[in-house]
Amino acid sequence: MPRALITGITGQDGLYLGEMLTAKGYEVFGLLRGQSNPKVPTVESLVPGVQLLEGDLTDLPSLIGAVEIAQPDEVYNLGAISFVGVSWRQAELTGEITGMGVLRMLEAIRIATGNEMDKVRFYQASSSEMFGKVREVPQRESTPFHPRSPYGVAKTFGHYMTVNYRESYGAFAVSGILFNHESPRRGIEFVTRKVTRGVARIALGVQESISLGNLESRRDWGFAGDYVDAMWRMLQQDTPDDYVVATGETHSIRELLDVAFARVGIDDWSRHVVQDPRFFRPAEVDILVGDPTKAMDKLGWKPTVGFQELVEMMIDNDLAIEREQIDRAERAATRLSRP
Ligand code: NAP
Ligand code: F7E
């Protein structure tokens, strides 16, 4: 039974990856931070049999301990402050967790394996945010980096540290340069989920409008369930390498709004969207679109969910959640109104 240790198991990708590895027969260990993490029931229900180990990417001894207990064949380093917007306001913390956390995880493996780093295969969650102010379109593995946020800079540090451990210690360490990927499990701070949740609430009469920032930026959005499969495939290769994972399509925030509102029968969304300076970024990444040819050719990977299907899946999920909340509130009101 192969053994995997996942940092960031409580996040969107960690949950999909944990689910997928469990289905493949892996023994799954997850790093859990905080003294009372509210996401434990979610992780335990989606990843049955998961073994949660206390630890934090800012705390090297806890990472060494996790590797010693889990004795993993594969480590997936997904833990990070992953919200670009917050990374300007908490730049130092982002550097510590999203950047230095990668180095600590690599060191934990090196120390726990007594310098035999090739005993453990390591996946680093690199990001298309490293391309930032893009030097070419589409972006591929050879495209130079020009990060535009503290998050992008921290990811670039983690990326090169992963390459360095591969070259210095012979580690089987790979970086997946993943473009935006979304799902019904996406955090509500990210634009896709903010829009799908907002649209669902508008359709049900709970909310009037959505406040957003820049509507012109373009992203290459795929489905998170597809992207964790690419992570796993990278660790099953004969040699470690880095791969771009993307759909090859790009859409603006406006197009996201078109598809999302159309799903609930609203064609003109202009009166439901307010632009708010608070949601603009100090430096924007205007366009991202990846070239996934290498991942397709070498990993046999391909995306299975298109942009419209993805947005509609998220809208339908948010409609169900919001309806459930309305029903619950109505049931509570009925109970209270009884004499
Ligand atoms: P996410 O939902 O924001 O999950 C982030 C995870 O990191 C959570 O489990 C969080 O734990 C954990 N974490 C935060 N601080 C930590 C710390 N100090 N020590 C240990 N764990 C910590 O992110 P995601 O969308 O699943 O993304 C997974 C990874 O891929 C991240 O590294 C992200 O930067 C990267 N990435 C994501 C995308 C994308 O589009 N989704 C694209 C490229 C790269 P808590 O639940 O306890 O907060
Ligand atoms: O922003 C614009 C915003 O926060 C997308 C992370 O998973 O993918 C993600 O980073 C775009 C930007 O994702 C709002 O300015 C407009 O242009 O959903 P996002 P992101 O910054 O692309 C990469 C690949 C990662 O690695 C990250 O971890 O949408 N936008 N108005 C807005 N964005 C947000 N969040 N909120 C708004 O109101």
Q) Which pairs have Cβ atoms under 6 Å, sit 6 or more apart or on different chains, and link a residue in the stretch 178-197 that is under 20 Å from Lys39 (Cα atoms) to one that is in a loop (DSSP other than H, G, I, E, B) and within 9 Å of ligand 1 (Cβ to nearest atom)? A) Glu182/Trp221; Glu189/Phe83; Arg193/Arg186
Q: Being part of a helix (DSSP H, G or I) and either modelled with pLDDT of 95 or more or charged (D, E, K, R) (or both) narrows it down to one of Ala295, Ala333, so name that one.
A: Ala295
(Q) What are the pairs with Cβ atoms under 9 angstrom where one residue, in the stretch 235-262, is at positive phi and the other, located anywhere, is crowded, with 17+ Cβ neighbours inside 10 Å? Sequence gap at least six, or different chains. (A) Gly248/Pro138; Gly248/Asp220; Gly248/Val289; Gly248/Gly290; Gly248/Asp291; Gly248/Pro292; Gly248/Pro303
Q. So Phe157 fits all but one of (1) free of Cβ contacts under 8 Å to residues at least 12 places away in the same chain; (2) touching a Gly at 6+ places or on another chain (Cβ under 8 Å); what number is the exception?
A. (1)
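Being among the aromatic types (Phe, Trp, Tyr) and touching a Pro at 6+ places or on another chain (Cβ under 9 Å) is the filter; apply it to the stretch 217-255 and report the residue that is nearest to Pro2 (Cα to Cα). It would help to see each step written out before you state the result.
Filtering the stretch 217-255 down to residues among the aromatic types (Phe, Trp, Tyr) leaves 221, 223, 227, 232, 243.
Imposing the further condition that a residue be touching a Pro at 6+ places or on another chain (Cβ under 9 Å) reduces the set to 223, 227, 243.
Values: Phe223: 26, Tyr227: 20, Tyr243: 23 Å.
Restricting to residues being among the aromatic types (Phe, Trp, Tyr) and touching a Pro at 6+ places or on another chain (Cβ under 9 Å), the top hit is Tyr227.
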Q: Take the residues in the stretch 126-175 that are farther than 18 Å from Leu235 by Cα and charged (D, E, K, R), then tell me which one is nearest to ligand 2 (Cβ to nearest atom).
A: Glu129
Q.
Which numbered condition in (1) near ligand 2 (Cβ under 8 Å from one of its atoms); (2) part of a helix (DSSP H, G or I); (3) acidic (Asp, Glu) is the only one that Glu189 fails?
A. (2)
Q.
Would you confirm whether or not the stretch 222-236 contains a residue that is within 14 Å of ligand 1 (Cβ to nearest atom), at pLDDT 95 or above, assigned to a helix (DSSP H, G or I) and basic (Lys, Arg)?
A. no
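Only one of Glu129, Glu96 is within 9 Å of ligand 1 (Cβ to nearest atom), crowded, with 23+ Cβ neighbours inside 10 Å, among the charged types (D, E, K, R) and on the phi < 0 side of the Ramachandran plot. Can you tell me which?
Working: Glu96 fails: crowded, with 23+ Cβ neighbours inside 10 Å.
Among Glu129, Glu96, only Glu129 is within 9 Å of ligand 1 (Cβ to nearest atom), crowded, with 23+ Cβ neighbours inside 10 Å, among the charged types (D, E, K, R) and on the phi < 0 side of the Ramachandran plot.
The values are calculated or read from the model by the stated rules, or taken from the named source; none is laboratory data. Treat the numbers as computed from the prediction; the structure is a model and nothing was measured. Using ideal geometry, Cβ is built from the backbone for each residue, glycine included, and neighbour counts are taken over all protein chains shown.
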